[in-house]
1. Under 30 Å from ALA267 (Cβ atoms) and more than 16 Å from ligand 1 (Cβ to nearest atom): does that describe ASP9?
2. Could you tell me whether ALA158 is more than 14 Å from ligand 1 (Cβ to nearest atom), surrounded by fewer than 24 Cβ atoms within 10 Å (Cβ to Cβ) and in a loop (DSSP other than H, G, I, E, B)?
3. Considering (1) in contact (Cβ under 8 Å) with a residue 60 or more places away in the chain; (2) open to solvent by 30 Å² or more (accessible area, probe 1.4 Å); (3) part of a helix (DSSP H, G or I), say which one LEU299 fails and leave the rest.
4. Identify all residues within the stretch 64-98 that are buried (at least 19 other Cβ atoms within 10 Å of the Cβ) and either among the small types (Gly, Ala, Ser) or touching a Phe, Trp or Tyr at 6+ places or on another chain (Cβ under 6 Å) (or both); write none if there are none.
5. Given the criterion open to solvent by 10 Å² or more (accessible area, probe 1.4 Å), more than 12 Å from ligand 1 (Cβ to nearest atom), outside any helix (DSSP H, G or I) and of a type in the set (D, E, K, R), identify the matching residue among LYS48, LYS34.
6. Quick check on my filter: what residues within the stretch 244-269 are open to solvent by 30 Å² or more (accessible area, probe 1.4 Å) and in a strand (DSSP E or B)?
7. Has the stretch 137-147 got any residue that is basic (Lys, Arg), out of contact with any helix residue (DSSP H, G or I) (no Cβ under 8 Å at 6 or more places or on another chain) and more than 16 Å from ligand 2 (Cβ to nearest atom)?
8. Assess whether THR102 counts as being free of Cβ contacts under 8 Å to residues at least 60 places away in the same chain and within 16 Å of ligand 2 (Cβ to nearest atom).
Amino acid sequence: MTRHFLRDDDLSQAEQSAILDIADQMKADRWGTKPLAGPQSVAVIFDKSSTRTRVSFHVGISDLGGSPLIISTANSQLGGKETPSDTARVLERMVSAIVWRTYGQAGLEEMAADTTVPVVNALSDDFHPCQLLADLLTIREHRGTLAGQTVAFIGDGASNMAQSYLLAGATAGMHVRVAAPAEFSPSPQVVTDAEHRSAETGGSVLVVTDPVAAVAGADVVVTDTWVSMGKESEKQSRLDTFSGYRVDDALMAHAADDAVFMHCLPADRGYEVTAEVIDGPRSIIWDEAENRLHAQKALLAWLLAANGANGANGANGANGANSANAANAATAAATA
Ligand code: CP
Ligand code: NVA
């Protein structure tokens, strides 16, 4: 079975930790491993806008010795004349992995079900797992550890970021709290999945409507836009509904004295966060943005190695030929 990365809990706690270790190594020695040498190509497809994800995958694939192929669905057949399945079956003959930013999670699942190359979710309406790898890498850098840390997400609990925090944080053994208006609660299924994962890792999950209850004593405070991509028509009502969920100095005062602030960006200063917080001394948003590069490079190297190691891509010449290279590079990076 080909390993994909469609949601945060596709990785076990040990696998997530191993990828973060590879990311640390790659950050320390940026051009030291070339698992995509050949170059192998990676398709990176965008149904939605992007700055960080586009640049970090393009640069990261290049750093790994590969060739990035950045595709906008607006000028491809995907989404119009062609299904995710047919697109994947064509791409797998030519590329080593497919990275896709899209709307529904179902399209990603369809694509993954019908291809032998790894599929990576570069943001869907439901999850943003690549961002969470970068966030966890950043938290680990600043806090020294992940397990036992308390993270509070404030705002749209049904958003991709909140739901990814639940799954990724639970996987890491963190205590994840989400404060959101009741009508913007996370999916009950995602909460259940996070609770099950927490039971294995020693983490915990708490969903509340009171931002102060969520932030009290927290080590990490996180927010995100109140108007995610695809929700623009709801903008005014969302601004009204979320007005009590702004992260400002008064809210941060309830967090631990050494708490840090994070935001995946882009940010709307004055709405979900004040300028004094996001541009203040507790904010670690620029490290977080940079870590997209290192975390995604590690993810790609790990996925190629995992799939090469179990022979999933053995029938595919392009991937089979280079899987040993990827495995060696990922292993070398992890053990260096
Ligand atoms: N954080 C993030 O995914 O940013 P972009 O939308 O710019 O890729
Ligand atoms: N929740 C935001 C994240 C942007 C990176 C969105 O989906 O628009």
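The values are calculated or read from the model by the stated rules, or taken from the named source; none is laboratory data. As the structure is a prediction and not an experimental result, all values here were calculated from the model. Quick reminder, even Gly has a Cβ in these numbers, built from the backbone with ideal geometry, and neighbours come from all protein chains shown. Areas reflect the complete protein model, heavy atoms only, side chains present, ligands, DNA and RNA absent. Shrake-Rupley method; radii C 1.70, N 1.55, O 1.52, S 1.80 Å.
1. Values: under 30 Å from ALA267 (Cβ atoms): yes; more than 16 Å from ligand 1 (Cβ to nearest atom): yes.
Here the answer is yes, as ASP9 does meet what is asked.
2. yes
3. All conditions pass for LEU299, except number (2).
4. Correct list: GLY66, ALA88, SER96, ALA97.
5. That would be LYS34, the only listed residue that is open to solvent by 10 Å² or more (accessible area, probe 1.4 Å), more than 12 Å from ligand 1 (Cβ to nearest atom), outside any helix (DSSP H, G or I) and of a type in the set (D, E, K, R).
6. The answer is ARG269, and nothing else.
7. Scanning the stretch 137-147 turns up at least one residue that is basic (Lys, Arg), out of contact with any helix residue (DSSP H, G or I) (no Cβ under 8 Å at 6 or more places or on another chain) and more than 16 Å from ligand 2 (Cβ to nearest atom).
8. Yes.
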